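In what follows, a structure is listed as structure tokens, so that the remarks can point back to it.
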Amino acid sequence: MSDKSSIAYVATEEKPQRPAPASTTGVLGWTKENLFATPLNTALTILSFLFLAWMLPGIVQWAVLDAVWTADSYRSCLEISNNGACWAVVGARFDQFIYGFYPHDLRWRADLAFVLLCVALVPLLWDKTPHRGKMMLLSLLYPFVAYMLIWGDGFIFSEVESKKLGGFLLTMIIGVSGIAFSLPLGILLALGRNSDMPFIKSLCVGFIEFIRGVPLITLLFVASTLLSYFLPRGTNFDIILRVVIMVTLFASAYMAEVIRGGLAALPRGQYEAADALGLDYWQSMRLIILPQALKISIPGIVNTFIGLFKDTTLVSVIGLLDPLGLTQSVLADSKWNGTVVELYVFIAAIFFVFCFAMSRYSMYLERKLSAGDRH
Amino acid sequence: MKRNFLPVALGAAMALTAGAASASTLEDVKARGKLNCGVSTGLTGFSFTDDNGEWQGFDASVCRAVAAAVLGDPNAVEFVSTTGKTRFTALASGEIDMLARNTTWTFSRDADLNFTFVGVNYYDGQGFMVPKALGVESALQLDGATVCIQTGTTTELNLADYFRKNNMSYEPVPIETNAEARQNYLAGACDVYTTDASGLAASRASFENPADHIVLPEIISKEPLGPLVRQGDEEWSDIVRWVLNSLIIAEEKGITAANADDQKAKSTEPGADTEIARLLGAEGEYGAMVGLDNDFALRAIKSVGNYGELFEEYLGESTPIGLSRGLNAQWTDGGLLYAPPFR
Amino acid sequence: MSVTTLPPTETFRIGMLWTDTRYRSSTIQVIALFIVMLLGAFLINNIIVNLAAQGQDFSFGFLTEPAYYDINQRLIEYDSRSPHWKAALVGILNTLLVAVLGCILATVIGVVAGVLRLSKNWLVSRLLAVYVEGCRNVPVLMQILLLYGIFIEILPRPKAATPMLDGAFVATNRGFYIPSVISHDGAGVVLAVLVASVAGIIYFRRWARARQERTGQIAPVMLVSLGLLIIPTTIAFFAMGSPFSLEYPELKGFNYKGGIHMRNSLVALWLALSIYTGAFIAEIVRAGIQAISKGQTEAAYALGLRPNRTMRLIILPQALRIIIPPMISNYLNLTKNSSLAIFVGYMDVTGTLGGITLNQTGRALESILLLMAFYLTASLLISAAMNKYNESVKLKER
């Protein structure tokens, strides 16, 4: 029996919202939330700051502030600045790090091969490429074109010897051909390992376990010193080809294990459904099993690619002039003797760019494909 | 598809086997039109690539001389850079026809590895280099020192023997390449750098202040460096041996790249040195004895010069390496170079 | 009404070997076997022909001949007159040393980094993201060389080095020196007491566990264990008159003498391998922890378990199952990557057997085969041991 008059005050309109307390918004709030939420957190933050304060100034000082960007020898670097990086060495030898000893006037061929590689990769990496199927077929031609461009065929392009190849050009050659050949080989090995033919299976298991059990460096020793024992007397083939074969075999064993994981993750029903449709082995693999298994294994596959790309640095142990091998020849030059850290940092940075890009692409692909799963 | 492919590949490989076997190195080289010659991946003065990527140096010139003698063209050489690890397998497997990579002539390499050392093109010995500031004047004061050595060479064996013999201890720092060794030595990561005396001189020459470093007087080993070939093909080892000897005889007789043709023309005149006539192919059928023509030595000398010219060009006192002839002088000057007579 | 259908009786034709699925797999295998045998015969024949043509034999006799070279880091007695097999053994021990040290440090780094990367602290998680991405995407060889180069160029020479911590620790560009422990008379007694107390702790833990299962009473396990570990040993130590002492490194002649010398090559290799592998382990640990659903934590809290017990009893046992298999392959990778030692002159088995021995004897075929056999055996043993452990933590399904 109460009426309105007995109520002293009724708000007829909504009150304006008050801003959240200053301690939970803005910079202050963010800081509190993310840096000083608990005592442990505060301690970690302080530790991190101390760490940064200890490391960063020295690194920035060395790499940027005190660094020398142009000079004609390590000695003149030291004259300009005594405790900075001597980046001048990178500028002075940049061409060598990219091309090795590839003849000067033919370098456009290596450039063209690289540009074509990018073009050939577009339909493989980007699924919205117009006429993707046809473009992919064209991409399959790339290895032949690249071979002709880089080594020459003796008719249109003059020939270039393998020993002239070096630097990141060599890294790309070994890396890209290793990646291109190890995937199909890895698929075959994985299928072989899952096969119900005991001999084929044990053959594949033996191969995979052997390769995974020994370091790449010993396989490179085999390529450089032992191959001549295994081949008929007098036969001899290009050292770069030998290295590519070894690196491919090495990566394919790891690839096989990654793909086997993908095959194992597929529900049994998929195999049975394929059989029920009356597909034969290769059809069911091609149309049903592999597309799904490969999709599941994409992160692992890309990780194997990244590993392979990083492993190309090992070829310097058998005397090939990859970027790492080239540092030896640069350091042998008395002008630049002493620029070790600079050269290593430069090479590490370039590898980082390539490998980081690959891992980001794999994450993007993973997200996109798993988004497709949800429907 | 896979099934059909393998036998085909295998068959092809077998066919290759049949085709690849062949009679003699000389025939192989002639058929190929190129000499495959193994050199070091890079050693100042002995083998290095110039700005155009061409191999030059004291060892590389031996390859060029052999190519000139056999094929008539000093540039018909395929240089194969070999590391300490790969050099012997490369030669044994036939990947290279000869190895000119400052390799020390030792019993086991000659006998056990089945190579033939055809002679000595440089008499070397292992020495020590130390910074002057260390205050060391003799290798016998090096007890407890840290020593940088290049692995894969006889130097590490000599070093072990030397310290053991003198009852001293040391800390070896094994290093793969000359460049790294230099870096370690200059940064003070080792007290001493040891390698062949010629290599020490070459390294020292490239330092900022060569005067701050001294090479100790002790030479702890004999290192006769020379070209080698596979054992069993006597014709080929004779060719390489006598090309090398020709260069040495040429210096002894005063034949140079420039005057070789004149000398040949003059050698048939009465009163001239008949050995010059034989060497340069003006008399006798000496070339035929090793399966070549009579001008083989003439071509070798004309293309690279005599031994003395080579030494001056790459190692001698006018170069940054600045080595004196020392043991490598002609026997007539008190050195060890003593080529057998060309007769 | 029964109809029996006899299988169609057809005569066997050669073509059926391929067209009939009953025979096809056998056909393929026979062909594969044939090819493999042919290939094997081809390779072996080539080896025989090549060895004969080079006048060489295939024998491991060189292993018993003196090696004639010195090795700087040797865990067993070795000098330049020791045979090649002993040099190889020294190398194997050096490989195992760096592999074991590396696996331990990599695990520590990886677990800490993996847990901290999940931290809500923005700065910490970012820093660790930089570490993980930075180290995973740069070749490990570059990291080894970079660290080695930094040690050589930046650390002082022995004569210029200043000992730290009262002379206990010296960092020079030839390596790091730490004190070594020297035992005197009576050391054995102290060690025996230590072993006895460890046995006591194990026994006590078993007893405490059994009692807890029987009566539900929780014994102060931690406190008692610590006490058992420290008190008797300390008493024995002083009772025997301090039979252990530390030997400090001292500058004598060219180098520091005494203490333990950890060479640059070892430290650079060890740290770089640990940092590199640690970055991978961090990702594995992170993924393992993230894979355990939040409900598990909430359920544990609801049961009244405190956070550290929740972690120890609920989360970790489940996460370990996900974490261990990829950890195994990372340990294997670390062991194999330790063969990069030759780039910094660390005398591991690749450096002795596959390096100097191979060079000095020219026995490339034998040396490399032995080298591969060693790595293969080591890999198989490690993975067998780790798989066994994996079995033991696996979900016991009933």
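Computed from the coordinates by the stated procedures, all read-outs in this text should not be read as laboratory data. Being a predicted model, the structure only gives us computed values, none of them experimental. In this analysis, Cβ positions are derived from the backbone assuming ideal geometry, glycine residues included, and neighbour counts consider all displayed protein chains.
Quick one: if the Förster radius is 60 Å, what FRET efficiency do B:Ala288 and A:Leu141 give, using the C-beta to C-beta distance and rounding to 0.05? Result of the calculation: an efficiency of 0.65. Between A:Leu188 and A:Asp66, the contour length at 0.36 nm per residue exceeds the alpha carbon distance by 38.5 nm.
Residue order for C:Trp207, B:Trp236, fewest other beta carbons within 10 angstrom first, comes to C:Trp207, B:Trp236.
For C:Glu247, the residues whose amide H sits under 5 Å from its own are C:Ser180, C:Val181, C:Ile182, ignoring neighbours fewer than 5 places away on the same chain, with H placed 1.01 Å from N. In segment C:162-195, whose amide N lies under 17 Å from the spot 7 Å out along Cα-to-Cβ of C:Ile230? List them in ranges. Residues C:194 qualify, since their backbone N sits under 17 Å from the label point.
For chain B, what class follows from the C-alpha gyration tensor (a ≥ b ≥ c being the square roots of its eigenvalues): rounded when a/c is under 1.5, otherwise prolate if a/b is larger than b/c, else oblate? The shape class here is oblate.
Working from label points 7 Å from Cα in the Cα-to-Cβ sense, the A:Ser23 to B:Asp273 distance is 10.4 nm.
Each residue in A:Ser73, B:Ser40 was given a count of other beta-carbon atoms within 10 angstrom of its own, and listing them fewest first yields A:Ser73, B:Ser40. Three principal axis extents of chain C based on alpha-carbon atoms, in descending order, are 93, 73, 47 Å.
Could you tell me which residue out of C:Leu33, A:Ala63, B:Gln141 lies farthest along the dipole of the protein assembly as shown toward its positive end? Charges go on the beta carbon: Lys and Arg +1, Asp and Glu -1, centred on the Cα centre. With unit charges placed on the Cβ atoms, the residue in question is C:Leu33.
Computed over segment B:126-221, the P(r) curve from all C-alpha pair distances, binned at 10 Å from the origin, holds 17, 59, 24, 1 percent per bin. Taking every DSSP helix (H) stretch of at least 4 residues in chain C, weighting each as -39,500 (n - 2.57) and dividing the sum by the residue count yields a mean residue ellipticity at 222 nm of -21000 deg cm²/dmol. Can you compute the charge dipole magnitude of segment B:126-221 about its Cα centre, using +1 on each Lys and Arg Cβ and -1 on each Asp and Glu Cβ, nothing else charged? Give it in debye, rounded to the nearest 20. The dipole magnitude comes to about 100 debye. Of all aspartates and glutamates in the structure, not one lies under 14 Å Cα to Cα from C:Lys294 without also being fewer than 8 positions from it along the same chain.
Across the alpha-carbon set of the protein assembly as shown, the Rg to Rh ratio works out to 1.02, Rh being the Kirkwood radius. According to the square roots a ≥ b ≥ c of the eigenvalues of the Cα gyration tensor, what is the shape class of segment B:280-343, taking rounded for a/c under 1.5, prolate for a/b larger than b/c otherwise, and oblate for the remainder? Verdict is oblate for segment B:280-343. Taking 7 Å steps out from each Cα toward its Cβ at A:Met148 and B:Asn75 produces label points 2.8 nm apart. Where does the charge balance sit around A:Gly186 when Lys and Arg score +1, Asp and Glu -1, over other residues with C-beta under 11 Å from its C-beta? In short, +1. Say R0 is 25 Å: what FRET efficiency, to the nearest 0.05, do C:Ile44 and C:Leu381 get from their beta-carbon distance? Efficiency for this residue pair is about 0.35. A Förster distance of 35 Å, applied to the separation of the beta-carbon atoms of C:Lys388 and C:Leu223, puts the FRET efficiency at 0.60. Available extension along the chain between C:Val36 and C:Ala160 is 38.4 nm, counting 0.36 nm per residue and deducting the alpha carbon span. Loop-located GluC sites (Glu not before Pro) in segment C:288-397 (DSSP state not H, G, I, E or B) with no more than 10 neighbouring Cβ atoms inside 10 Å: C:Glu397.
The lysines whose alpha-carbon is closer than 28 Å to the alpha-carbon of B:Lys85, local same-chain residues fewer than 8 away aside, are A:Lys163, A:Lys164, A:Lys310, B:Lys34, B:Lys165, B:Lys222, C:Lys86, C:Lys336. Max-minus-min Cα coordinates of segment A:22-88 on each principal axis give 56, 22, 11 Å, with the largest extent listed first.
DSSP finds beta bridges in the protein assembly as shown, and of those with both partners inside it, around 65 percent are antiparallel.
Where the centroid of each part is defined by its Cα atoms, how far is segment B:55-103 from segment C:74-122 in Å? Cα centres, segment B:55-103 to segment C:74-122: 41 Å.
You can think of it this way: the chain between C:Thr297 and C:Ala168 has 41.9 nm of extra reach, that is 0.36 nm per residue less the Cα-Cα gap. Shape analysis of segment C:224-366 places it in the oblate category; the axes a ≥ b ≥ c from the Cα gyration tensor give an a/c of at least 1.5, with a/b not above b/c.
Among A:Cys355, A:Cys77, sorting on how many other beta-carbon atoms sit within 10 Å of each Cβ, with the fewest leading, yields A:Cys355, A:Cys77.
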